[in-house]
1. Working only within segment 111-132, note down all residues that are touching a residue at least 40 places away in the same chain (Cβ under 8 Å), open to solvent by 100 Å² or more (accessible area, probe 1.4 Å) and of a type in the set (D, E).
2. If L78 satisfies all but one of (1) closer than 29 Å to P55 by Cα; (2) in contact with a Leu (Cβ under 9 Å, 6 or more places away or on another chain); (3) open to solvent by 10 Å² or more (accessible area, probe 1.4 Å), what's the number of the condition it fails?
3. Name, by its number, the condition in (1) in a loop (DSSP other than H, G, I, E, B); (2) open to solvent by 40 Å² or more (accessible area, probe 1.4 Å); (3) of a type outside the set (K, R); (4) closer than 30 Å to R398 by Cβ that does not hold for D252.
4. List the number of the failed condition for A167; all other conditions in (1) modelled with pLDDT under 95; (2) on the phi < 0 side of the Ramachandran plot; (3) among the aliphatic types (A, V, I, L, M) hold.
5. So, of the residues in segment 26-78 that are out of contact with any Cys (no Cβ under 8 Å at 6 or more places or on another chain) and among the acidic types (D, E), which turns out to be modelled with the highest pLDDT?
6. Out of segment 181-213, which residues are surrounded by 14 or more Cβ atoms within 10 Å (Cβ to Cβ), assigned to a strand (DSSP E or B) and not hydrophobic (A, V, I, L, M, F, W, C)?
7. Give, as residue ranges, the strands (runs of 3 or more DSSP E) completely inside segment 301-412 that count at least 3 residues that are buried (at least 20 other Cβ atoms within 10 Å of the Cβ).
8. Among the residues of segment 290-297, is there at least one that is open to solvent by 20 Å² or more (accessible area, probe 1.4 Å) and assigned to a helix (DSSP H, G or I)?
Amino acid sequence: MTPPSPPRRGVSTSPPSSGPAAPDLPAARPAGAGDRPRSLTDGRAGGTVGRPDRPRVTELLLSAFAGHRAVALPFGALTLLAGPSGSGKTSALRAYEALARLGGGAGLGEAFPEPGACVPERARADAQHRRGFRIGCTADGPEGPVRLEVAVQAEPGLRIVGERLTAGGVVLLETALRDPGRRTVQAAWHTAGAAPVTRAPLPDDRLGTALLPLRVAGKTPGQRRVLAAAEQMVVALRSVFPCDPRPERMRDPVPAGTGRLLGGCDNLADVLWRTRAECGRRHALLVDAVRAGCAGPVTGLLAEPYDAGRLVRALLDRGDGTRTELRRLGDGELRYTALALVLLTGPGVLEVDAPGEVPAALQTLTVLADGLDRALDPGQRGELLRLAARMCERGHIRLVGAVSDASWAAGVSGVTVVHLDRD
């Protein structure tokens, strides 16, 4: 019995497309086969001509995930997901973060701590009481566009039931669940040698693409092509920093720690203590940004020991002998300061899993910022967007931010705006 289709999310001016029936259980074949999700964009994309030297995710595929169905979200260097509450902005960021975790070798349970919330609401269980979801992405880089599609069973047990990696119209890896009683999937990857494919079982709780570098010898041109595509996808997915600064956690002094910024920016003072000493040029840029976004004069952003050296606190230097503790700043000022710090630093300062095997010059950090404009006034969000555009243009950092309305981004070069709605 075919379940009713859940509501589609997308551009109100675009005609709805006829995607595949939302599966209650992802099919054994990889997600999205025979179906091309529709792309939602207003055309202001910061695309790259030719093949980029740094792998990056250029498209998120939500074939059947939460409230999304048959949707492709295009990503530029700086992307704003815009739409009202309930349009699926947060779920899209969560899907991206989950793929990043899988690309880094995490298990399904870590990537999807609440798998039931990922299943489309109206998806019905099949005869075996199974339901699931389908997601994927496209990563561009030296190997050209590489597409990953993953079908996940959420109920009754969490497992991958299908995966497909393709490039240039060639299926490089394909997995399928053959025996539900075993915790493996049957995998076949491109060889192009004496045998066209190599077949072997892979675990059903890990992304097969991330495991290929450990399984493929690279002896034939086909195998080397598989390795290159898999490595490009993994490198593009890793180095993701989900960031949602929490002002209520940033006001008080904090214990000295690693100096690596957490996603909630709770330890902002500890990180400022480190960055002020390590890179004077970038710290000066941060002070300039804070001066533009905070009330009153700002000549410095300081961090100092507190409570007999057991803690570290951060302060604004007003230039006349007055120093303002961060606890006195408004929510918008704190969020603005934290986000500016994120944009002006990198994997060495942020708590991310950067691929150590990739030279720093070829690494790209992707910041996922839910509620990017939350608590910011028009001046702060404009300054932050211009700072993001300058930093993203250099190629070492990318930003995907969720906002309720992106009309204020008009006129800023290099911004890709993806409009979502509740329909």
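The values are calculated or read from the model by the stated rules, or taken from the named source; none is laboratory data. In this text the structure is predicted, and so the values were computed from the model without any measurement. Note: ideal-geometry Cβ built from the backbone for every residue, glycine included; neighbour counts use all protein chains shown. Keep in mind that these areas ignore ligands, DNA and RNA; they rest on the heavy atoms of the full protein, side chains included. Shrake-Rupley method; radii C 1.70, N 1.55, O 1.52, S 1.80 Å.
1. Matches in segment 111-132: E121 only.
2. Among (1) closer than 29 Å to P55 by Cα; (2) in contact with a Leu (Cβ under 9 Å, 6 or more places away or on another chain); (3) open to solvent by 10 Å² or more (accessible area, probe 1.4 Å), L78 violates only (3).
3. Single failed check for D252: (4).
4. Among (1) modelled with pLDDT under 95; (2) on the phi < 0 side of the Ramachandran plot; (3) among the aliphatic types (A, V, I, L, M), the lone unmet condition for A167 is (1).
5. Ranking the qualifying residues of segment 26-78, first place goes to D53.
6. Across segment 181-213, the qualifying residues are T184, Q186, H190, T198, P201, P203.
7. By residue number, 311-317, 365-369, 397-403.
8. The answer is yes; a qualifying residue exists.
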